[in-house]
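First up is the structure itself, then whatever we jot down about it.
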RNA sequence: GGGCCGUUAACUCAGUCGGUAGAGUAUCUGCCUUUUAAGCAGAGAGUCGCGCGUUCGAGCCGCGCACGGCCCA
C-alpha cells in the first residue's frame, strides 16, 4: 500500500532520522518481567505501597501522551490492561529523555520503575529507566473517538483491538467460551479430535459447498460443510465419546448471521439418546454461562434470557399451530400449506416436500418468537436424513433443535445406525438433488459401508459457537465475534 | 438479487442556494516537571471513493460502477 500523505511521510522521516542517529528502532533484548495486572495485584495485596514500591519491569504500547516540557504522563497498554506512567528528565537522564521526546502514540516502550500515586490519586508508574522497544511509523486513530468506521474495523482488526477495549473483551470472552465447552466435554470423558476439512463428498448438512482441487491426487475436493460423517466413523471405530470444535464452510450468503466459514462444536456419545443430549445441553450451557458470565441470566438486546433448566420443549407441529398461527387441519394437506405460506409471503417451490415446507414456515412464523431457550422436537423424517426414526411414528425422527433469542443455536438427534435405512434416506436425497434441490445430501457409499460394520446406538449434536458467542457478548452481528469476517476485496 | 443509508485530511466529523475545502484530534515549531480529551502561541497537511454527464463553474445535481452498513428475499 503506497501512501503519499504528509502525516505518514513525516512519520517515516522521523524514524529514519532516529535510526541515522544510531538508535535501534527494533531491538529485541528488552526482557519483560511484569504485566500491568501484576501491578494492580501487588497494590491490592499490599493495600498501599507506602514504604517504597518494588521495581516493575514491563512493556506495552503507548496509547496516550501528555507532555510538559521536561516531564510527561502517558498510558501504556499490554495484554492485561493499561496503566499511566510518569517520566521526568531529571529521573531518567537527559540522554534518555531526548529519545523519549521522539516517542509517539503507537510506539512500544519498555519501562522500569516504581509505583506511586499522583495528585489526583491515580496509581501510576514512576519511570526510572526508559527504552524504545518498537517504533510505529503510522499514527494510531484519534484518541477520543477511536476507530469507528466498520469497514476499517474489520479490515484492520488490529487497530480495532488496540483502540476499542470492548472489542478486546468480546474476543477474550470468545476464547473463554470455547475453553468452557472443551472443559465440559473433556470432564465427561469426550475425546477431542480433528477430521478432514477437505472432503471428497461433502456431507452431514444441507448446504452448498466450496470446491477445491488437489493437484497431486488429481481430484476435486470440497471444503467441509460439517464433520458429522467422519465423527460417526470414529464412533464406529470405538471412539465412543468424541467431539470436534472447528470450522465449517458454506458457500452461501453473507449477513449479520452468516459468515462463509464459521465455528461448530459437534459431539457424539454412544449409548445416549437425543433425550440424554437435551439434558446434557442444558447442563453444558449453564456451565459455560457460569464460567464466562458467572451467571445463568443473559441480557441479550432487549431480552433477559434465563438459562436455568429445565428449558421449554415443544414439538414442531405444536409450535407451528400455537405460536405460528397455522390451522392444525392443514398439516396434512400440502396444497393448503402452500396457500397458507403464500398468504404470509413465504416463497416455496412446488418441488419442496412436506417437511421442507414445514421447516420454511417454522423459520418465518415461529423461530423469531423463541426467545427463552426452547427445544423443538418431532422433526419430519424427510428433512432429517441422518436421524433415527421415532419408534412409534416413523414419519418423525428423534431429533431436536435448540432456539435461543430467536435463533437456532444447536441441532441434535439420536443417530441413524441402520445402514439399510441410511442408504434409503441417501437415495431419497439423491432424488431430491436430481429434482433440483442443490442443498440435498450426496450419497456417501463409504459411510454406508462403515455403518455396515456396526455402529453403537448414539446421539450427536452440533452447536453454533459463533452464535453462542453473540449471545453471551450481546453482539448483533456475527462480524463482531469473528476476528476477520469475510469482505470483498477493495 | 432488491430497498434505504454512507464514502470529504492519518482518525472523528461539518460543509448552507452549485461559486477556488472546514473544525477537533494527530503531526511539525516554540513555551511548559502532577496531567488525564492537559494548556498557550504559530505552521503545514486534501485525487471530496471511481468514471461519465449537466453547467461558465460540481464535494453538492443526474447516470453508472466499487466498497461498506442496516433491512428484505
ask   = Looking at chain A, what % of its DSSP beta bridges pair antiparallel, to the nearest 5?
value = 90 percent
request  = At q = 0.18, 0.24, 0.30 Å⁻¹, what is the base-10 log of I(q)/I(0) for the range A:107-149 according to the Debye formula with one equal point scatterer per Cα and no solvent? Please give it to two decimals.
outcome  = -0.79, -0.87, -0.93
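Under 1.5 on a/c is rounded, so check that first for the range A:355-479, then, if it is not, pick prolate when a/b is larger than b/c and oblate when it is not; a ≥ b ≥ c are the square roots of the alpha carbon gyration tensor eigenvalues.
Working: a/c = 1.88, a/b = 1.71, b/c = 1.10.
Judged from the Cα gyration tensor, the range A:355-479 comes out prolate (a/c at least 1.5, a/b above b/c).
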Spatial separation of Cα centroids for the range A:115-161 and the range A:256-278, in angstrom = 40 Å
inquiry  = Given bins 20 angstrom wide, list per bin the percent of all Cα-Cα distances in chain A, short to long.
reply    = 19, 42, 26, 13, 0
message = How tilted is helix A:6-20 with respect to the longest principal axis of chain A? Cα atoms for both, answer in degrees (0 to 90, nearest 10).
response = 60 degrees
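Treat the count of other C-beta atoms within 10 Å as a stand-in for reagent exposure and order A:11, A:191 from fewest to most. Mind showing how you got there, number by number?
On the way: A:11 19, A:191 14.
In order of increasing Cβ crowding within 10 Å: A:191, A:11.
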ask   = Using alpha carbons only, how many degrees (0 to 90, rounded to 10) separate the axis of helix A:419-434 from the longest principal axis of chain A?
value = 80 degrees
remark   = Pseudo-spin-label distance residue A:82 to residue A:138, built 7 Å along Cα→Cβ, given in nm, is 2.0 nm
query = How many angstrom separate the Cα center of the range A:6-45 from the Cα center of the range A:363-402?
reply = 57 Å
ask   = Using only the Cα atoms, what convex hull volume per residue in Å³ does the range A:6-140 have?
value = 112 Å³
Rounded Å value of the spacing that divides the Cα centres of the range A:325-347 and the range A:405-444 = 24 Å
request  = Report, to the nearest 10°, how far helix A:274-293 tilts away from the longest principal axis of the Cα atoms in chain A, using its own Cα long axis and a range of 0 to 90°.
outcome  = 10 degrees
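Give me the number: length gained by fully extending residue A:318 to residue A:445, i.e. 0.36 nm times residue separation minus the C-alpha to C-alpha distance, one decimal in nm.
Roughly 42.1 nm would be gained on extension.
Nearest 500 deg cm²/dmol is fine: what mean residue ellipticity at 222 nm does chain A get from its DSSP H runs of n ≥ 4 alone, each adding -39,500 (n - 2.57), divided by its residue count?
Numbers: 14 runs with 156 residues, N = 490.
Dividing the helical sum by the residues of chain A leaves -9500 deg cm²/dmol.
Laboratory data are not the source of any read-out in this text; all were calculated from the coordinates shown. Please read these numbers as outputs of a predicted model, since none were measured by experiment. All Cβ positions, glycine included, derive from the backbone under ideal geometry; neighbour counts span all protein chains shown.
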